[in-house]
1. If we count every other residue with Cβ under 11 angstrom of Arg98's Cβ, Lys/Arg +1 and Asp/Glu -1, where does the sum land?
2. Measuring from centroid to centroid over Cα atoms, what is the spacing of the range 275-298 and the range 206-258 in Å?
3. Using a Förster radius of 35 Å, what is the FRET efficiency between Thr15 and Gln153 based on their Cβ-Cβ separation? Nearest 0.05, please.
4. Which residues does a label at Arg67 reach in the range 75-110, if reach means a backbone N under 19 Å from a point 7 Å past the Cα toward the Cβ?
5. Can you give the Rg and Dmax of the range 1-119 based on its C-alpha atoms, in angstrom?
6. So, with +1 on the Cβ of K and R and -1 on the Cβ of D and E, and no other charges, what is the size of the charge dipole of the range 1-119 about its Cα centre, to the nearest 20 debye?
7. Distance check, please: which entries in Lys246/Lys279; Lys246/Lys282; Lys222/Lys246; Lys61/Lys89 exceed 18 angstrom between their Cα atoms?
8. Lys and Arg at +1, Asp and Glu at -1: add these up for the other residues within a Cβ distance under 14 Å of Ala38 and post the number.
Amino acid sequence: MASTVSTLGPDASLTRYMQEIRKYPMLAHEEEERLARAWRDTGDQKAAHTLVNSHLRLVAKIAMGYRGYGLPVGELISEGNVGMMQAVKRFDPDRGFRLSTYAMWWIRAAIQEYILHSWSLVKMGTTASQKKLFFNLRRLKGQMQAIDDGDLQPEQVAKIAHLLDVPEQDVVSMNRRLSSADSSLNAPIKMDGDGEWQDWLVDDSEGQESKLAEREELTGRKALLANALKTLSERERHILVERRLKDNPTTLEDLSQHYNVSRERVRQIEVRAFEKLQKSMKTQVAEQRQAVRAVQARMA
């Protein structure tokens, strides 16, 4: 199937291509159904070629409607032809509608995907609402006579957002992206300067020094906690861990049944163990500070 279309595919002479595809006649409904069944039931390649070729004019017509995006018409037609072949592969003649009605959705989808991938180096239009905004924004701006490349007026943004059922911020963002071309971060700031735009970019991520300090602090806290837990009895340590150090704390009722004591007694053990834990950690911190001061005094 692909070989026939590629042979007739649009090349440098779009006019010659348009003349070539006019040689393929439109099919009657009965003939179209017969060929579609031959392809579906027996894999008849000749039938598939005939179905595709008879709709090449439809592909060209749809592709012409996307000329305003600055891409070569020949490439748009080529992508549309791919969509046409996909439509023929999946067409079911028993559903009662014409192939052209079914194929136009595949043709448009293929062309639109190509435009979205070719428009910008930056990925855009990844969701259904963004695609709808991308392909309808220019038309709505034309109806509002908002032909300037600057930002839209607030009332225009609100109207477009309402008509397309998208957030207003998405309208503003998409309009700005469509109004300006991609710029390289390696482009010089001034024609006679050595600096590049990327030199002015600020890294908002956390620095290596901060990450190291946080990691060391976390390690120190874990060591303090581990040492403090050693000062508790086995029952105190178990109750404290179950009640204070788990994402889903164990209930007083469960612990009271485990130790065969009242819930109030479990609560008292928990409070006492927590107080002992705090005291032990404060003592360790004080000792560490005293050791640091001693080292600093020897170095002075």
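Every number here is computed from the coordinates shown, using simple stated rules; none is lab data. Every value quoted in this text rests on a predicted model; they were computed, and no experiment measured them. Backbone-built Cβ (ideal geometry, glycine too); neighbour counts: all protein chains shown.
1. Here the count lands on -1.
2. 19 Å
3. 0.25
4. Correct set: 75-81, 108.
5. 13.9, 42
6. Its charge dipole is roughly 200 debye.
7. Violating the 18 Å limit, Cα to Cα: Lys246/Lys279; Lys246/Lys282; Lys61/Lys89.
8. Here the count lands on -3.
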